[in-house]
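**Student:** One structure is given below, represented as structure tokens, and several questions about it will come after.
The values are calculated or read from the model by the stated rules, or taken from the named source; none is laboratory data. For clarity, every value in this text was computed on a predicted model and none was experimentally measured. Here Cβ is always computed from backbone atoms with ideal geometry, including for glycine, and neighbour counts include all displayed protein chains.
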Amino acid sequence: MEKEMLASVMTGVRKLEMQKRPVPTPKADEILIKIKHVGVCGSDLHFYEKGVLGTNIFKDPLVLGHEGAGEVVAVGKDVTSLKTGDLVTMEPGVPCGKCEYCTSGRYNLCPDVAFMACPGYDGAFVEYVAWPEAWTYKLPEGMNTVEGALIEPLNVGLHALNQSEVKFGQSVAILGSGCIGLCVLMSLRMAGITEIYVVDMIQKRLDKAKELGATAVVNAKDQDVIKTIRDLTNGKGVDVCFETAGNKFTTQQTVELIKRGGTITLVGMSPDSHIPFPTSLLIDKEAKLTTIFRYRHLYPTAIKLVSEGRIPLQSIVSHYYKFKDIEEGIEYNVENKGDVIKEVIEF
């Protein structure tokens, strides 16, 4: 076992530095994972590009990356469910387990969660990670670590599906067809929802949405989104609208797109903390507005769905970069958003 490892450390806005660090020693309840693949999340890109993510402001050097999977190379003395050689994925947030949210099962709302790649907690752009057994999941035979890494964003899609309470036979619009929008789309298709309209301004992403089963796609660059969706739904609008772009304009647009009595599910987090919203129209439609924050209790379900071939998760990956070229890969992602659907770092 090596004593040192490489870590890609964010040392400033748009600055990554490859540093040597000691390989961590797993605690009694932890396993040591040799990282194989890590997905690049939009939050990684935003923090790298702007130095700010929500209320998190860059101050100290930080390892980004929270969508990781790899191989178990050592286990702590109290670990019983995993062994050396197992392929695993990590749930990147470890909640306190004591607060009202944890004890009521809503651990994703824990205010004291230790979450990878948030200030104070390094992420997975490293060669080795020590992680608690309780938040590590074995991948079934035949499932690879690219899929394992992407289980994290898939959970967001599945949680959005649960929060929306979408039903068979209902119509759906998804605003945004990046990684999360496509995960919502794949989750809906898996659940038997067939009337799905996807909106974006990037044709490459819309082409992927169509490939994955969207009923129709709408390019907001050259189409009137509200008119098009209404025309597609006989003037009524959709039953459920998912906003996944994290955009002020599309967030406001959701109210126009749903039918009376419809449901809006806000998935993307807009950098605008205060968005003027047409509340009178929302009330007039007696519409339901719901939101999601990360996910809860979904890793085993997501793994099962992917391993059974019910969700073609790896198909959304458009770009791979070697770990040694991570800065090049992330810079490409920032500068070429119209070309990248999902980027994965290979170790």
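**Student:** What number of residues within the stretch 176-205 satisfy the criterion of being closer than 22 Å to D239 by Cα, out of contact with any Gly (no Cβ under 6 Å at 6 or more places or on another chain) and part of a helix (DSSP H, G or I)?
**Tutor:** Looking only at that region, the number is 7.
**Student:** What about G85, is it assigned to a loop (DSSP other than H, G, I, E, B) and farther than 27 Å from F47 by Cβ? Let's see the steps before the verdict.
**Tutor:** Values: assigned to a loop (DSSP other than H, G, I, E, B): yes; farther than 27 Å from F47 by Cβ: yes.
Spelling it out, G85 is indeed assigned to a loop (DSSP other than H, G, I, E, B) and farther than 27 Å from F47 by Cβ.
**Student:** Would you confirm whether any residue within the stretch 93-101 is touching a residue at least 24 places away in the same chain (Cβ under 8 Å), in the same structural domain as Y128 (by TED's automatic domain parsing) and within 26 Å of the chain's Cα centre (by Cα)?
**Tutor:** yes
**Student:** Does the stretch 57-68 contain at least one residue that is buried (at least 18 other Cβ atoms within 10 Å of the Cβ) and under 15 Å from E133 (Cα atoms)?
**Tutor:** yes
**Student:** Which residues, taken from the stretch 264-281, are of a type in the set (S, T, N, Q) and either out of contact with any strand residue (DSSP E or B) (no Cβ under 7 Å at 6 or more places or on another chain) or modelled with pLDDT under 85 (or both)?
**Tutor:** Correct list: S270, S273, T279, S280.
**Student:** Moving to a separate point now. Restricting attention to the stretch 255-276, which residues are under 26 Å from K167 (Cα atoms) and either among the aliphatic types (A, V, I, L, M) or out of contact with any Gly (no Cβ under 9 Å at 6 or more places or on another chain) (or both)?
**Tutor:** Residues of the stretch 255-276 that are under 26 Å from K167 (Cα atoms), as a first pass: 255-269.
Passing the criteria: V255, L257, I258, G261, T263, I264, T265, L266, V267, M269.
**Student:** To continue, here is another question. For the subset of the stretch 109-135 comprising residues that are closer than 23 Å to C183 by Cα and not aromatic (F, W, Y), which member is surrounded by the most Cβ atoms within 10 Å (Cβ to Cβ)?
**Tutor:** A124
Results for (1) of a type in the set (G, A, S); (2) modelled with pLDDT under 95; (3) buried (at least 18 other Cβ atoms within 10 Å of the Cβ), shown as yes or no for each residue.
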| position | (1), (2), (3) |
| --- | --- |
| K77 | no, no, no |
| D86 | no, no, yes |
| V94 | no, no, yes |
| Y101 | no, no, yes |
| G105 | yes, no, no |
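**Student:** Now for a different question. Name the one entry in E286, E256 that is touching a strand residue (DSSP E or B) at 6+ places or on another chain (Cβ under 8 Å) and either in the same structural domain as R189 (by TED's automatic domain parsing) or aromatic (F, W, Y) (or both).
**Tutor:** Exactly one of E286, E256 is touching a strand residue (DSSP E or B) at 6+ places or on another chain (Cβ under 8 Å) and either in the same structural domain as R189 (by TED's automatic domain parsing) or aromatic (F, W, Y) (or both), namely E286.
**Student:** Scan the stretch 193-205 residue by residue and report those that are of a type in the set (D, E) and crowded, with 23+ Cβ neighbours inside 10 Å.
**Tutor:** The one that is of a type in the set (D, E) and crowded, with 23+ Cβ neighbours inside 10 Å: D200.
**Student:** Just for the stretch 300-318: of the residues that are assigned to a helix (DSSP H, G or I) and closer than 12 Å to G142 by Cβ, which one is farthest from the chain's Cα centre (by Cα)?
**Tutor:** If we take residues in the stretch 300-318 being assigned to a helix (DSSP H, G or I) and closer than 12 Å to G142 by Cβ, then S307 is farthest from the chain's Cα centre (by Cα).
**Student:** Could you grab me the full set of residues in the stretch 270-287 that are surrounded by 10 or more Cβ atoms within 10 Å (Cβ to Cβ) and acidic (D, E)?
**Tutor:** Correct list: D272, D284.
**Student:** What is the residue count in the stretch 232-266 for residues that are under 17 Å from G181 (Cα atoms), part of a strand (DSSP E or B), touching a Cys at 6+ places or on another chain (Cβ under 9 Å) and of a type in the set (A, V, I, L, M)?
**Tutor:** Matching residues across the stretch 232-266 total 1.
Per-residue answers, yes or no, for (1) of a type in the set (A, V, I, L, M, F, W, C); (2) farther than 20 Å from A220 by Cβ:
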| position | (1), (2) |
| --- | --- |
| N247 | no, no |
| V255 | yes, no |
| I264 | yes, no |
| S273 | no, yes |
| T279 | no, yes |
| Q314 | no, yes |
| I330 | yes, yes |
| V334 | yes, yes |
| G338 | no, no |
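**Student:** So, one more: Considering the stretch 319-347 alone, what residues qualify as being part of a helix (DSSP H, G or I) and either modelled with pLDDT under 95 or among the β-branched types (V, I, T) (or both)? Can you show your working first?
**Tutor:** Step one: of the stretch 319-347, the residues part of a helix (DSSP H, G or I) are 323-335.
Passing the criteria: I326, I330, V334.
**Student:** Inspect all residues belonging to the stretch 270-290 and state whether any of them is touching a Ser or Thr at 6+ places or on another chain (Cβ under 7 Å) and not in a loop (DSSP other than H, G, I, E, B).
**Tutor:** So far as the stretch 270-290 goes, yes, one or more of its residues are touching a Ser or Thr at 6+ places or on another chain (Cβ under 7 Å) and not in a loop (DSSP other than H, G, I, E, B).
Let's see how each residue does on (1) assigned to a helix (DSSP H, G or I); (2) buried (at least 23 other Cβ atoms within 10 Å of the Cβ):
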| residue | (1), (2) |
| --- | --- |
| Y137 | no, no |
| V146 | yes, no |
| D207 | yes, no |
| I229 | yes, yes |
